[in-house]
Structure formats: C-alpha cells, structure tokens
There are 2 protein chains.
Amino acid sequence: MKFRKSKQREKILEVLKNTNCHPTADWVYDQVKKEFPNLSLGTVYRNLKILRQQGKIKKIEHGSTYDRFDAVTNEHYHFICEKCGQIIDFKLEINKEMIDKIEEQLNCTTTRQKFELYGLCGECGG
Amino acid sequence: MKFRKSKQREKILEVLKNTNCHPTADWVYDQVKKEFPNLSLGTVYRNLKILRQQGKIKKIEHGSTYDRFDAVTNEHYHFICEKCGQIIDFKLEINKEMIDKIEEQLNCTTTRQKFELYGLCGECGG
DNA sequence: TTCTATGCAAAAAGTTTGCAGTTAA
DNA sequence: TTAACTGCAAACTTTTTGCATAGAA
C-alpha cells in the first residue's frame, strides 16, 4: 500500500499525539476542523484507518461492533479472540493487595474490576 | 419499574441461560424467532434491556459505543469514577505467570490485556 | 380495566463507501 | 502524469423509538 503525505492526516496524528483522552473520531474531527474548516468526517475515518495501518495509532478494540450479552452471573472474566470474535470465560483470583495499593495511590475506592485478555484463540492459531 | 410476564422475555432468558457463547442480539433473535415467528428485533433489544435492569443478564460493556483511538504507546490502565466519569490512568506490572496459566488453560495466545477499575474517585467520596 | 409488552417501521447513531474533483510526488 | 487524497452525500450497520394493538394482572 502506498501513501502520500496529507496535511489533514498530519494534523490528525498531531492532535492524537497531544492528548491522552483516547478520543473518538468525532472529537478529532472537531479539533482538526479548526484548521481545515471544510474537513469531512469521512476523511477523519479514512485517515484513522491509514494511521492504524502505518502502526502510528491504535484503535481501542472491543472485539466486535455488536453488543454481547451474558446470563452467567458468577464472577468471571473474558478472553476475546481478535480474529473470530469468540469470547471465552475464565476464572481468576484477583490479587487484593494489588487493588489496595492502587486505591491508596489514586485515593479512590473500587467496587469492581474488569479484566479482559485479547489475542488469538486455539482455532485461530493461538 | 413494574414488569409483567411475557413469553418472549422468558424465552430470551432461557436461550441466554443455555448458551455460553455470549451472543449478540441478532443471534438471540434468530433463536427465539423459531418459537415466535413474528418476533421483532426491537422486542429483543427491549427485553435485553429489561433483563439487565432486573439483574438477570449482563451486557459485556465496552464503555462507549464510539470507537476510540490512542497514539499514546506506553502501557497503562484506567480507573473510571462511576459518579463523575473521570478516567485516571495508572501503571501496573501485570503478573506474567498468571497470564501464562490462563493461556495454557484456554489454549490461546494473548497480545494485550485490559484491566479497568470502577468505583469512586477521591473527589466523589472515594 | 389498566398499563406493560408486542410487531412494525421509521429514526438515530456511528462508520463506510462511491464519485468527481484536487493535489502530492 | 498518475494515482492517492479530499469533501460531500448517500449507503450501511447496529440500536432505539413512536405508534397502534395485544395481552397480563
């Protein structure tokens, strides 16, 4: 794949580099629009895709674009296959001291944790 | 909130109880449609919402319906305040042996982990 | 009888794509 | 000169909502 330079793409990357708020495409659009008033959202999405292909940014993945539901009520965590989207449950004892340490450090109290692993399942070449 | 009984809702819960594949709304729709051929997707979504309000099922959350992007490359995790919505980054050394054990158990390879804490931040009474 | 649940279809929300014109190399 | 990039708008995908009717309590 060949890429040319584009002012819009450079600005999009710059905006992303200068924030740690994990923005949405729309937020990026609003920022970059200040400099390129005719910018379109489609261009932002296309460039976000290209920047990912170039390995310069990451999309914060959640496996699938569909909502998924779960009637299993006991405490468990999820492994999500990045290829086939399959979700596999696993159990785990979360280290309580680790949580305590973070609570102290951030001066907060936590009520629940989410712990998810992403990768390839057995069938997809794990 | 008051709820009445409904055959469709009962069937939706039954279908969810009898699978461990964390289905999408559409998959549930296809299953339940076998018994209720006039079923509509809207009804499935509405009942999934009600079942969540009743605490009978969970939606596998990914925080927001928007894709989010990140050009910050170093590894970090998030504490999310359930009152004010603030997100605070923290660093953590994830126990590698723990991951190895899960990989072996599930026969998968993991490329990344998501570890999120939810609760109250200092300002909100943490 | 009352009001929640339903089916249907239209709208909303978020993302992708086709097209004709622009621009980097 | 050529083919990647752009803006615009339409299409697409997933979820929500409005409305009239059916059905549980």
### Message
Take A:Leu117 and tell me if it is modelled with pLDDT of 85 or more, assigned to a loop (DSSP other than H, G, I, E, B) and at the interface with chain B (Cβ under 8 Å from one of its Cβ atoms).
### Response
no
### Task
Filter the stretch B:1-25 down to residues that are outside any helix (DSSP H, G or I) and more than 9 Å from DNA strand C (Cβ to nearest atom) and give me whichever is farthest from A:Arg68 (Cα to Cα).
B:Asn18
### Query
Do we have any residue at all in the stretch A:26-41 that's part of a helix (DSSP H, G or I), more than 12 Å from DNA strand C (Cβ to nearest atom), within 9 Å of chain B (Cβ to nearest Cβ) and farther than 30 Å from B:Glu104 by Cβ?
no
### Query
Would the stretch A:82-100 turn up any residue that is modelled with pLDDT of 85 or more, within 15 Å of DNA strand C (Cβ to nearest atom) and closer than 27 Å to B:Cys121 by Cα?
no
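The values are calculated or read from the model by the stated rules, or taken from the named source; none is laboratory data. This one's a predicted model, so the numbers in the text were calculated from it and none came from an experiment. Methodologically, a virtual Cβ is constructed for each residue, glycine included, from the backbone with ideal geometry; neighbour enumeration extends over all protein chains shown.
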